[in-house]
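Input: a single structure, listed below in structure tokens.
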Amino acid sequence: MTKIKISVLLFSSVLALTGCKQEVKAPEQDAALQAEIIEERSKKLNDWFEAQFQQEIDKSPMTQTYLGIKTDDYGKWDDISSKQQAEDLERAKERLAYLKDSVDVSQLNDATALSYKLMKQDLENEIADFQYRFYDYPVNQMFGMQSRIPAFLINMHKIKDKSDAEAYISRLNGINEMFAQAIENIKIREKNGILPPKFVFAKVLDDSRNIIVGQPFDKSNQESTLLADFKNKISTLKLSDEEQSELVAKAEKELVESVKPAYDNLITLLEGQQQRATTDDGCWKFPKGAAFYDNALQRTTTTTMTADQIHELGLKEVARIHNEMRDIMKQVKYEGTLQDFFKYMKEDEKFYYANTEEGKAAYLKQAVGLIDTMKSKLDELFITKPKADIIVKAVEPFREKSAGKAFYQSGTPDGSRPGTYYANLYDMTAMPIYQMEALAYHEGIPGHHMQRSIAQELQDIPKFRKFGGYTAYTEGWGLYTELLPKEIGMYSDPYSDFGRLAMELWRACRLVVDTGIHSKKWSREEGIKYYVDNTPNAESDAIKMVERHIVMPSQATAYKIGMIKILELRKNARKTLGDAFDIREFHDVVLTNGAVPLTILEELVGEWVASKSTNTPKEEVGS
């Protein structure tokens, strides 16, 4: 019983005992009052959520740019110092105390109560995880300052007028200070026993040196990556030749006086660490490494599954998918073993575009065509669809050697920057044609672009939910949407369906190898061998994937666990509802609450099923 109803009853009792007359309110009046109070308190908490989100935006110039927000901070970088991390911890504690001490969840509407639950859980996790804040590698082959900063300037920092160009120059100026913070953070990690394995260094040093090659860093005829980007952007402005020359001169000055020292200092540090690095790969080598990995698995999967359970699940899924692949072999009348078929798919030239500019252009064109075709099918599967557009791009040359196979970058909420599906075309033998379809669905439509764009476009949830994320949910959705198109007749070519299975197999192997490396002390070479022996992917794929496992413990377990949960929820809902089950409504439940932990997703789907069950007419039983 709510506090308000208890107070009403007590007051009524006092009036009765004293013989006072009272005005008896109709039940509907009491209900209306209660509803008004709930809406008022829900609004108050939602206003608080927005205020906290705005605080985070205000202290992050980079997030502002990602979201397409332009303020006086457009020429600044984030503070990534350990001092800032300590301040963030205190802020998290204050927010959690407010939620616990000042909010009565029973007086909130359902949507706000869910926001409360998510925010409270996020804050509790942030506070608990503070002890592990140095348990990562800030500079590695997957991400880090050496590649993130130039990618940010090239892809995020738009120049629409002279002031934007000045802001770009200001950011060039600030790179040295930001790298100094990153270097200090790396040194703290090494003091605490957190040092990347040896293989990381050659890759990140290569990335770093690539940025300070060309004009104005040397006298070659080629412009450096950042200078070329800056000159290209300001060339579209209506400026005099003198103004353009002045801006270019300023940019060149900051490139030489700030960017080059920043990279030189980072390179010096990394070269020193390279000499001290070992070939121990798993996070078991960290102080309290086993506890860290257990915690990482819980955060990534949003479940309580152990490393052993995840490892065994992976082995079972690998065996199941292998059997489905054998069925494909029968369809295409291939004689031989599964390993023979893998070799055939790896080596036959008909499954690959040429490793030429023409071949890469043809790949991108076909990827666009696949996404456009899928767009025309969305009404069969979805009620809510994204308004935001999507484009397809090749990964930029300066980072393509170390970047992943493919990835997605969200657009801005206002639509000024579309979502982007990046395909890494550095090695065309790692991008087979038969995997194109599944890859386009996963990264584009109906995968990441659809899920993230819909979340950003939602009107009735606070911004921390629109832009937040849970890897098991987002990547589980991505993998689920590789299968979904098959259910409406896509993958008509059995080789493309094999490609879909190959990508699902890849994610199943991740469960085995991630836990193998970080819990069972597998070596990098053992992990690579497992992928090569069990998948049709190129060895270069296997190497990149294992190296990703090593620098991002637990992350790659999210995909398969998330997909399995979504399929399980769908299967159970269909079984319960029978003919009343509507795939479009199911997808709406999954997508229109923003990203949520898998445990919360299960609750939401359960509530939807219960509401449908209640509203579904039952057949009369004859006498």
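Rule-based calculations on the coordinates, nothing more; no lab input. If you're wondering where the values come from, they're calculated on a predicted model, not measured in any experiment. Note: ideal-geometry Cβ built from the backbone for every residue, glycine included; neighbour counts use all protein chains shown.
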Once you order the gyration tensor axes a ≥ b ≥ c over the Cα atoms, which shape class does the range 564-611 get: rounded for a/c under 1.5, otherwise prolate or oblate by comparing a/b with b/c? prolate
Sum -39500 (n - 2.57) across every DSSP H segment of at least 4 residues in the chain, then divide by the residue count to get the 222 nm mean residue ellipticity, nearest 500. -20500 deg cm²/dmol
With the cut-off at 1.5 for a/c, could you classify the chain from its C-alpha gyration tensor as rounded, prolate or oblate? oblate
With +1 on the Cβ of every Lys and Arg and -1 on the Cβ of every Asp and Glu, the dipole magnitude of the chain about its Cα centre, in debye rounded to the nearest 20, is 760
Any chance you could check the Cα centroid distance between the range 395-428 and the range 76-114 for me, in angstrom? 32
Kindly identify the range 108-172 as rounded, prolate or oblate by the Cα gyration tensor criterion: order the square roots of the eigenvalues as a ≥ b ≥ c, call it rounded if a/c is under 1.5, otherwise compare a/b with b/c, prolate if a/b is larger, else oblate. oblate
Rounded to 5, percent antiparallel among DSSP beta bridges of the chain: 40
Between THR279 and LYS529, what length comes free when the chain is fully extended (0.36 nm per residue of separation minus the Cα-Cα distance, one decimal in nm)? 88.4 nm
When the Karplus curve 6.51 cos²θ - 1.76 cosθ + 1.60 is applied with θ = phi - 60°, which whole-Hz ³J(HN,Hα) does each residue of the range 101-118 get, with x for Gly and Pro? 9, 10, 10, 9, 4, 5, 9, 10, 6, 4, 5, 6, 4, 5, 4, 4, 4, 5
Pop out the ³J(HN,Hα) list for the range 221-234 in order, Karplus 6.51 cos²θ - 1.76 cosθ + 1.60 with θ = phi - 60°, rounded to Hz; leave Gly and Pro as x. 7, 8, 7, 5, 4, 6, 5, 4, 5, 4, 5, 5, 5, 6
Going 7 Å from the Cα of TYR334 toward and past its Cβ, which residues in the range 414-436 have a backbone nitrogen under 15 Å from where you end up? 432-436
Whole-Å distance, taken between Cα centres, linking the range 557-596 and the range 229-248: 51
Using unit Cβ charges (K, R positive; D, E negative) and no other charged atoms, how large, in debye to the nearest 20, is the dipole of the range 292-563 about its Cα centre? 600
Taking the dipole about the Cα centre of the range 292-563, with the C-beta of Lys and Arg at +1 and of Asp and Glu at -1, give me whichever of ILE390, GLY447, GLY469 is farthest to the positive side. GLY469
Rounded to two decimals, what is Rg over Rh for the range 370-468 when you use alpha-carbon atoms and the Kirkwood radius? 1.00
Rounded to the nearest Å, what's the spacing between the alpha carbon centres of the range 438-494 and the range 252-294? Just the number, please. 33
Spelling it out for GLU223: with amide H atoms placed in the peptide plane at 1.01 Å from N, the residues 5 or more places away or on another chain with amide H under 5 Å from its amide H are GLN215
With +1 on the Cβ of every Lys and Arg and -1 on the Cβ of every Asp and Glu, and nothing else charged, how large is the dipole of the range 489-623 about its Cα centre, in debye rounded to the nearest 20? 380
Expressed as a rounded percentage, what relative contact order does the range 386-494 have, with Cα pairs under 8 Å and six or more residues apart? 25
Could you work out the per residue convex hull volume over the alpha carbons of the range 292-563, in cubic angstrom? 134
Which of the lysines could a cross-linker bridge to LYS44, judged by Cα under 19 Å and excluding same-chain residues fewer than eight apart? LYS3, LYS100, LYS117, LYS120, LYS463, LYS466
Please list, in chain and number order, the residues 5+ apart from ALA394 or on another chain whose amide H is under 5 Å from its amide H, with Hs placed from the backbone. ALA423
The local net charge around LYS198, scoring Lys/Arg +1 and Asp/Glu -1 for residues other than LYS198 whose Cβ lies under 15 Å from its Cβ, equals -3
When only Cα pairs under 8 Å and 6 or more residues apart are kept, what is the percent relative contact order across the chain? 15
The answer for trypsin sites (Lys or Arg not before Pro) in the range 179-262 that fall in a DSSP coil and have at most 13 neighbouring Cβ atoms within 10 Å is LYS219, LYS238
Relative contact order of the range 35-115, defined on C-alpha pairs under 8 angstrom at six or more residues apart (%): 44
Given 16 as the ceiling on other Cβ atoms within 10 Å, longest exposed-site-free region of the chain for GluC sites (Glu not before Pro) in DSSP loops: 24-334
